[in-house]
Amino acid sequence: MKKTQVFKSLTIVLLISFAVACNQDSEIVQVDFEESESSLKPKEPEIQFSIDIPYFPWEVLHVLQREYYHKGNKNVKEVEYLENRLIQLYPEKAYKGMYTSFQDELAAYKEEYAQYQIQLCKYQEKMGINSHIEEYPPASFESVEQFRSIVELSDHEFEKLKSLEELATAETLMERKALPSIKQRVESSVVFAGLSGIGTALGYAGHFAGLSQDRANQKAEEFYRNWNQGERGDAFRHVFVSMHLRRYLTKLGAKLIMEEYERQNPNLYPGDTEMDLHNNIVGRDTQYNTFRGSYFSSWETWASNVRNYINGIPENGLPMDQLENWNGSTTPSSKAIAESDITAQFQSAYRYVYYEKTRSVSLCYGVNCIQGYNCNNITGQCEYDPGYNNCVNCGPTEECINNICRPF
């Protein structure tokens, strides 16, 4: 992922999440599967949404959710309230039905994901693997102070939350002109969000997503100062933010948020995108138990656990620039090839991936110039090639005159 973007356009998918637990009281254990269905670990279904949701600052979404909680007409669904308010605030890009239409696709995907969870639980039971049951914050908080205590907000994080709550509880509804004050009062990093449903904890889902991003960026800079794209600091960010998102918004929520980001903000190289997606899985799935630790552990402990894993024995990581398709300036030509390269490595599902050395990104990657022009590696622009000989394309009945093919 490009360091310059650093989640500044993180797609936040606020959703009605659900928990699937592998225990004796769950319907999952009661489902009868053939032996062959549990012999291999099932693969998460890919997200293939056809509708692109407009982006909005996550702070605005949080304020609107809290508006609904404090003032909204409860005869109107929250998603309808949010959609109408966003149309008022952003008439140039918000439109009627943008979220209700998307929810149909989301519902279909959630059903597919539920079937995947059923197969996963059967596999884990067969292999003797213990998995964390999904955790949820309380359905509501009596006050922002209670939220602060449970989520362990720092003074700075709490001041940010209070500033947003003031806007949500004001006598009049927030207007567009209040948006600049949001940036000034909460130091917004202009994190954009795609909304697809209702979050948990009565309007706090957006805040959980933004909090995960802020904490991942904060700890990445603390532990890996001056890190570069694809290096260990970048891997830490992806692993930790995915782990943090799962803790508060479930594994499905973490997957939707991070994969929608990658889908709408692709990297220059397909291989880099696949690395990001792989590290996301390590954080929210294969190493989640390691990072989460005990039930009473703090988020600071989670961050330290991720750092200790990243900085631990060499076998924890997989340096991609040692692979044949990733040497020097080369990179896999597609996401599928990159995924195949990663999964072919020993125990890759439990290892984070990274570059040992900073890659030099070619600005000409993916640039196709017309005949007679070459891409300038410094500017990334197509420029005329004075040495180009157009006559190499002359046919058998043509001759070259002034560098142009003409009939005899």
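None of the figures in this text is laboratory data; all of them are computed from the coordinates on show. Everything quoted here is computed from the prediction, not taken from an experiment. So basically every Cβ, Gly included, is an ideal-geometry build from the backbone, and we count neighbours across all protein chains shown.
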Label-point gap, in nm, between Thr397 and Asn377 - each point 7 angstrom along Cα→Cβ:
4.3
At 0.36 nm per residue, and after removing the present C-alpha to C-alpha distance, how many nm does the segment from Ala170 to Glu142 gain when stretched out fully?
8.3 nm
Are there chymotrypsin sites (Phe, Trp or Tyr not before Pro) in region 256-296 that DSSP marks as loop and that have at most 14 other Cβ atoms within 10 Å, and which are they?
Tyr295, Phe296
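May I ask you to derive the FRET efficiency for Tyr350 and Ser154 from their Cβ-Cβ distance with R0 = 22 Å, giving the value to the nearest 0.05? Write down the numbers at each step before the final one.
On the way: r = 32 Å, r/R0 = 1.43.
Working from the Cβ atoms, E equals 0.10.
Report the FRET efficiency, 1/(1 + (r/R0)^6), for Glu221 and Cys369, where r is their Cβ-Cβ distance and R0 is 41 Å, rounded to 0.05.
Details: r = 39 Å, r/R0 = 0.94.
Computed FRET efficiency for Glu221 and Cys369: 0.60.
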Once a ≥ b ≥ c are taken as the square roots of the eigenvalues of the Cα gyration tensor of region 254-318, is the result rounded (a/c under 1.5), prolate (a/b larger than b/c) or oblate (a/b not larger than b/c)?
oblate
Under a plain spin-label model, where a point goes 7 Å from the Cα along Cα-to-Cβ, how far apart in nm are Ser304 and Val76?
4.8
Could you check the simple spin-label distance between Cys405 and Asn228, using points 7 Å along Cα→Cβ, in nm with one decimal?
4.4
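Beyond a 31 Å Cα-Cα separation, which of these cross-linked pairs lie in this structure: Lys177/Lys251; Lys77/Lys335; Lys110/Lys335; Lys126/Lys357; Lys74/Lys160? The partial results should precede the final answer.
Values: Lys177/Lys251 36 Å; Lys77/Lys335 39 Å; Lys110/Lys335 24 Å; Lys126/Lys357 40 Å; Lys74/Lys160 27 Å.
Result: Lys177/Lys251; Lys77/Lys335; Lys126/Lys357 exceed 31 Å.
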So for each of 249-257, 163-171 I average, over its residues, the number of other beta carbons within 10 Å; can you give me the resulting order with the highest mean first?
249-257, 163-171
